[in-house]
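The values are calculated or read from the model by the stated rules, or taken from the named source; none is laboratory data. What you see is a predicted model, and the numbers here were worked out from it, not measured in a lab. Using ideal geometry, Cβ is built from the backbone for each residue, glycine included, and neighbour counts are taken over all protein chains shown. Protein only, heavy atoms only, side chains kept; ligands, DNA and RNA dropped before computing areas. Shrake-Rupley method; radii C 1.70, N 1.55, O 1.52, S 1.80 Å.
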Amino acid sequence: MRILLLEDEQDIRESIAARFRQLGFVVDEAERASEAEGLALAFTFDAFVFDVRLPDGADAGFLLLERLRHLGNTTPVLFLTARDALEDRIKGLALGGDDYLVKPFALAELQARLQALLRRARIVPQNVFEKDGLRLEWNYKRVTYQGSEVKLTAKEYAILELLCQHPGKIYSRSEIADRVWGADFSAETNVVDVYVKNLRRKLGAWAVETVHGSGYRFPL
Ligand code: CA
């Protein structure tokens, strides 16, 4: 899971980023709406967490979402704001925001809301994914195959989780690298091949299909 976090208050941004990284998310941080816009256009995210009042303007978070929706971006959004005015909430939701959290908030609440939002967006369709003897428990990042637990590294799990979100969908090596390693990924994309090889060794060759010239997919 990769999220884009736009928040200009450093303490808040760093504590949110640390929490989600601990949970295994890739977190891209931005302080300004203009910076977040560049990232949102360059990469695919599973969710956005946007502050509203930013150095770019008092409504910069809303305006950014408006521009992204206009370009056809449908990534689910959770807004953070210090303002509890009803009109702001209505405006945020009308612009295509999916949820709203008023500061100050507990990190546990943000985590619960974001996970609910990802489930609603069907990025995490249910708590459990099951197919052909393979079972993934999203909440616990636990994998079993034919009833036995399979120990995966965090990156192996992240690749499997990504592919299982849309069985049959082809992911290119660079897309997998972006989604699993994030913007700071600088290694050769054949690192992805090494992790796929490990997944096949642990789960069986069937678990990750190669689509020649295109990438990888989980079988339909
Ligand atoms: Ca702010």
Bins of 10 Å, beginning at zero and ending with the bin holding the largest distance: percent of Cα pairs per bin for region 128-217, please. 16, 55, 27, 3
When only the heavy atoms of the protein chains count and the probe is 1.4 Å, how do Trp206, Trp181 rank by accessible area, highest first? Trp206, Trp181
Radius of gyration and Dmax for the chain's Cα atoms, expressed in Å? 18.2, 55
Where is the GNM fluctuation largest for the chain (alpha-carbon springs, 10 angstrom cutoff): Thr153, Thr210, Thr75? Thr153
For region 1-131, what is the percent of antiparallel DSSP beta bridges, rounded to the nearest 5? 5 percent
Excluding same-chain pairs closer than 8 in sequence, count the lysine pairs in the chain whose Cα atoms lie under 30 Å apart. 21
Could you go through region 12-25 in sequence order and give the Karplus-derived ³J(HN,Hα) for each residue, using 6.51 cos²θ - 1.76 cosθ + 1.60 with θ = phi - 60°, rounded to whole Hz, and x for Gly and Pro? 5, 4, 5, 6, 5, 4, 5, 4, 6, 5, 4, 7, x, 7
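Which FRET efficiency value, to the nearest 0.05, do you get for Ala58 and Glu109 by plugging their Cβ-Cβ distance into 1/(1 + (r/R0)^6) with R0 = 30 Å?
Plugging the Cβ-Cβ distance into 1/(1 + (r/R0)^6) gives 0.80.
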Can you list residues whose amide H is under 5 Å from Asp56's amide H, if they're 5+ apart or on another chain and H is modeled 1.01 Å from N? Ala33
Would you pull out the residues with amide H under 5 Å of Lys103's amide H, same chain only if 5 or more places away, H placed 1.01 Å from N? Thr81, Ala82, Arg83
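Per residue, how much accessible surface does region 2-122 expose to a 1.4 Å probe? Answer in Å², no decimals.
Ligands and nucleic acids excluded, the figure is 46 Å² per residue.
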Could you tell me how many degrees, from 0 to 90 and to the nearest 10, lie between the Cα long axis of helix 107-120 and the main elongation axis, the longest principal axis, of the Cα atoms of the chain? 60 degrees
1/(1 + (r/R0)^6) with r = Cβ-Cβ of Val211 and Ala154, R0 = 25 Å, i.e. FRET efficiency to nearest 0.05, evaluates to 0.50
In sequence order, calculated HN-Hα J values of region 46-61 (Karplus, 6.51, -1.76, 1.60; Hz; x Gly/Pro): 7, 7, 10, 10, 10, 5, 9, 8, 9, x, 6, x, 5, 10, 4, x
Counting only residues 5 or more apart in sequence or on a different chain, those whose built amide H sits under 5 Å from that of Leu152 are none
Considering region 2-122, what Rg and Dmax in Å follow from its alpha-carbon atoms? 12.8, 35
Expected output is a single nm value to one decimal: the length gained when fully extending between Lys91 and Lys141, i.e. 0.36 nm times separation in residues minus the C-alpha distance. What is it? 14.4 nm
Within region 142-182: backbone nitrogen closer than 12 Å to the Asp193 label point (7 Å, Cα to C-beta): 173
If one computes the Cα centroid of region 43-75 and of region 132-206, what distance in Å separates the two points? 29 Å
Any idea what the relative contact order of region 1-145 is, in percent, if you count C-alpha pairs under 8 Å spaced at least 6 apart? 17 percent
With all protein chains present, the chain has a carbon and sulfur share of its accessible area (1.4 Å probe) in percent of 49 percent
Please return the longest range in the chain lying between exposed loop sites, taking trypsin sites (Lys or Arg not before Pro), DSSP loop only, at most 11 other beta-carbon atoms within 10 Å, and leaving the sites out. 1-121
Please turn the phi angles of region 154-167 into ³J(HN,Hα) values with the Karplus equation 6.51 cos²θ - 1.76 cosθ + 1.60 (θ = phi - 60°), one per residue in order, whole Hz, x for glycine and proline. 4, 6, 4, 4, 4, 5, 4, 4, 4, 5, 6, 5, 9, x
